[in-house]
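J.: The structure that follows is given in the form of structure tokens.
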Amino acid sequence: MTAKTIWLILRKDVLIELRTREVLTSMALFAVLIVVVFAFAFSLDETRAKLVGPGIIWVTILFAGTLGLYRLFDRERDHAAMSGLLLAPAGPLAVYIAKVLGLVIFITVTEIIVLPLMLAFIGVPLPLEGIPLFALALLLGVLGFSLVAVLFGGMLASTRLREVLIPIVVYPVVVPVIIGGVKLTGAAMGDGLPGEADNWLRLMAGFDIIYLALCPWVFTRVMVE
Amino acid sequence: MIEALELSRRFGRQWALRRFSGRFEAGTVSAVVGHNGAGKSTLVGLIAGLLRPTEGALSVLGHDCATGPRPPAVRSGLGVMLHQPYVYPDLSGAENLELVSALYGQPLTSKARHSALHRVGLDKAARRAARTYSRGMLQRLSLARLLVQTDARAWLLDEPATGLDSEGHQLVVELVSELRDSGRAVVMVSHQAALVEALADVSLTLERGRLAS
């Protein structure tokens, strides 16, 4: 029942997105704007681009992901839809997993659209041998962010100051995976010391496991007021 | 089917519901009435499982539901129609009904879907996005759930006739009567005296969070 429910909620979110294109359009536009602003603000040459490029990429993912999170939960707030989902037989766990998968999908699609533009604007060459490490960093980073963001997004979805509160609460918690992502992205671009990447990979994977163990458990308990 | 004993809920320092005790039996329509802020929606939220009681005991369909997570048997056996219609505006009426039905493990055949939407008067608007529905049409779509969630042994209805015309009122009377006749327990919150008079076997009045004597 849980797997079926996860699929139903995920399919519903994707179907609505295919019709409205609200989440992906706003995320992608916002991401492009951030990159353009950073690219002009720093007047990047190749050396500086290597230094600040990974940071720009991850700040963009973080901000665009937060925007996607708002939209994902706004749909559930209208007409008490979230209450309806939480009352279904599969319960809050299925809602949590479906929302995490939804956010991971939306951020990944945004990255696929925006990353080539980002790399071109920032002017950082990504060597072919660096792509697997970069992809792994993105996977672990986006998963970690989504696990935490959906927990607090669900908890704070009905509060008046959610747009302010969600980043204040989520960003400090996901800082370890974001720093890991920045360092791994740098390593993928040929920056950093040899062997350093393994440590950052372990750190990111470790935090993802902690989030995976704690966030669903907390979500199922706090969604009943 | 549903039994509350000294059930209480506090928000901050304010008691929204205080020491409510009552039984809601199978084959009975129990109306919960009272002024705004009397605690009716809090009672619905507690029985539905959206709120956790501060004190007291609650049994739903034979399971203790005052503490801890609810078993799936209670979740699928308890139908809840909240004051706001549980609808996604970007899905059509038919898609909304299919989604709710599938979430409750009861996939709809196209015949059953058509029949339910026809019964609530939405068959011609079934393919339109729910965004284009009026308030009354959204309420009718919610009412269609009463026809498709057949596993529900008890129903909580919070203002089921909101936004409906006189024909819609009659539809609510018919649907709720059918639930009662098929042995379901129905707990109905309503401000509409005519609806309560037409349907209620038992009437409970709440005043400032307490059951009036």
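Any read-out appearing in this document is the output of simple, stated calculations on the displayed coordinates, not a laboratory observation. As the structure is a computational prediction, the values presented were derived from the model and not from experiment. Glycine gets a Cβ as well: all are built from the backbone with ideal geometry, and neighbour counts include every protein chain shown.
J.: Quick check: the distance between the Cα centres of the range B:1-43 and the range A:42-57, to the nearest angstrom?
T.: The two parts, judged by their Cα centres, are 61 Å apart.
J.: Given a 10 angstrom Cα cut-off, can you work out which residue in A:ILE179, A:ILE112, A:ILE57 is the most mobile in a GNM of chain A?
T.: Ranking A:ILE179, A:ILE112, A:ILE57 by mean-square fluctuation puts A:ILE112 first.
J.: Positive end of the charge dipole of the range A:2-224 (Lys, Arg +1 and Asp, Glu -1 on Cβ, about the Cα centre): tell me which of A:SER83, A:MET118, A:THR60 has its Cα farthest that way.
T.: A:SER83
J.: Just the Cα atoms of the protein assembly as shown, one point each, no solvent: what log10 I(q)/I(0) does Debye give at q = 0.07 Å⁻¹?
T.: The Debye formula, applied to the Cα set alone, gives -0.42.
J.: Could you work out the helix-only [θ] at 222 nm for chain A, with each DSSP H run of four or more residues adding -39,500 (n - 2.57) and the total divided by the number of residues, to the nearest 500 deg cm²/dmol?
T.: Working: 8 runs with 190 residues, N = 225.
Rounded to the nearest 500, it is -29500 deg cm²/dmol.
J.: Next up: How much length would be gained if the chain were fully extended between B:ASP123 and B:VAL202, taking 0.36 nm per residue of separation minus their Cα-Cα distance, in nm to one decimal?
T.: Numbers: separation 79, 0.36 × 79 = 28.44 nm, distance 3.40 nm.
My answer for the length gained is 25.0 nm.
J.: Using the alpha-carbon atoms, what tilt in degrees (0 to 90, nearest 10) does helix B:135-148 show relative to the longest principal axis of chain B?
T.: In chain B, helix B:135-148 runs at an angle near 80 degrees to the longest axis.
J.: Related question: Equivalent ellipsoid semi-axes for the range A:87-186, as square roots of 5 times the alpha carbon gyration tensor eigenvalues: give them largest first, rounded to whole Å. Display every interim value, and only then the final one.
T.: Details: eigenvalues 171, 49, 31 Å².
Taking √(5λ) for each eigenvalue gives 29, 16, 12 Å, largest first.
J.: Something else: Which values of log₁₀ I(q)/I(0), to two decimal places, follow from the Debye formula for the range B:103-201 at q = 0.10, 0.13, 0.15, 0.25 Å⁻¹ with a uniform point scatterer at every Cα?
T.: These q points yield log10 I(q)/I(0) values of -0.27, -0.45, -0.61, -1.49.
J.: What is the helix-to-structure angle for B:166-181, meaning the angle in degrees between its Cα long axis and the longest Cα principal axis of chain B, kept from 0 to 90 and rounded to the nearest 10?
T.: 70
J.: Which of the trypsin sites (Lys or Arg not before Pro) found in the range A:94-166 are in a DSSP loop and have at most 16 neighbouring Cβ atoms, other than their own, within 10 Å? Before the final figure, lay out each step's value.
T.: Details: sites: A:LYS99, A:ARG160, A:ARG162; in loops: A:ARG160.
Filter output for the range A:94-166: A:ARG160.
J.: Mean residue ellipticity at 222 nm from the helices of chain B, using -39,500 (n - 2.57) per DSSP H segment of n ≥ 4 over the full residue count, to the nearest 500 deg cm²/dmol?
T.: Working: 7 runs with 73 residues, N = 213.
Per the formula, -10000 deg cm²/dmol.
J.: Here is a follow-up. For peptide A:8-17, compute the average count of partner chain beta-carbon atoms within 10 Å of each residue's beta-carbon.
T.: Details: counts 5, 2, 0, 2, 8, 1, 0, 5, 5, 1.
Mean partner-chain Cβ count within 10 Å for A:8-17: 3.
J.: What does the structure give for B:70-83 when I average, per residue, the other chain Cβ atoms found within 10 Å of the residue Cβ? Could you put the intermediate results ahead of the total?
T.: Values: counts 4, 2, 6, 1, 1, 7, 4, 1, 2, 1, 4, 1, 5, 1.
That average works out to 3.
J.: Each label point is 7 Å from the Cα along the Cα-to-Cβ direction; what then is the distance between the points at B:ASP181 and A:LEU18, in nm?
T.: Taking the two extended label points, one gets 4.2 nm.
J.: Would you kindly give the portion of the calculated P(r) for the range A:30-133 that falls above 25 Å, as a percent of all Cα pairs? If you can, show how the numbers build up before the last one.
T.: Details: 1970 of 5356 pairs.
Of all Cα-Cα pairs in the range A:30-133, 37 percent lie more than 25 Å apart.
J.: Out of all DSSP beta bridges in the protein assembly as shown, what portion is antiparallel? Express it as a percent rounded to 5.
T.: Numbers: 17 of 35 bridges.
Around 50 percent of the beta bridges assigned by DSSP in the protein assembly as shown are antiparallel ones.
J.: P(r) for chain B: what percent of alpha-carbon pairs falls in each 10 Å bin, starting at zero?
T.: Result returned by the calculation: 9, 35, 36, 18, 3, 0.
J.: Can you give me the angle between helix B:93-103 and the longest principal axis of chain B, using Cα atoms only, in degrees from 0 to 90, rounded to the nearest 10?
T.: 50
J.: Loop only per DSSP, at most 12 neighbouring Cβ atoms within 10 Å: give me the trypsin sites (Lys or Arg not before Pro) in the range B:1-46, ordered by residue number.
T.: B:ARG13
J.: Can you give me the span-like helices of chain A, meaning DSSP H runs with 18 Å or more of Cα extent along the axis and Kyte-Doolittle mean at or above 0.5?
T.: On the way: long enough: A:2-20 (27 Å, 0.42); A:22-42 (30 Å, 2.49); A:46-77 (46 Å, 0.32); A:92-122 (42 Å, 2.26); A:131-156 (36 Å, 2.42); A:162-188 (35 Å, 1.59); A:196-222 (38 Å, 0.71).
Taking the DSSP H segments of chain A (at least 18 Å long, mean hydropathy at least 0.5), we get A:22-42, A:92-122, A:131-156, A:162-188, A:196-222.
J.: Full-extension gain between A:ARG48 and A:LEU161, please, as 0.36 nm times their residue separation minus the C-alpha to C-alpha distance. List each step's numbers first, then the result.
T.: On the way: separation 113, 0.36 × 113 = 40.68 nm, distance 3.72 nm.
Result: 37.0 nm gained on full extension.
J.: Also: Determine the shielding of peptide A:85-95 by partner chains: average, over its residues, the number of Cβ atoms on other chains within 10 angstrom of each Cβ.
T.: Details: counts 4, 4, 13, 10, 13, 6, 6, 1, 1, 1, 0.
Whole-number average of other-chain Cβ neighbours for A:85-95 is 5.
J.: Percent antiparallel among DSSP beta bridges with both residues in chain B, to the nearest 5? It would help to have the intermediate numbers written out before the result.
T.: Numbers: 17 of 35 bridges.
DSSP beta bridges in chain B are roughly 50 percent antiparallel.
J.: Convex hull over the alpha-carbon atoms of the range A:2-224: what's its volume per residue in Å³? The partial results should precede the final answer.
T.: Working: hull volume 26.4 nm³, N = 223.
In the range A:2-224, the Cα hull volume divided by residue count equals 118 Å³.
J.: Follow-up. Please report, largest first and rounded to whole Å, the three semi-axes of the ellipsoid equivalent to the range B:62-163, where each semi-axis is the square root of five times an eigenvalue of the C-alpha gyration tensor.
T.: 25, 15, 11
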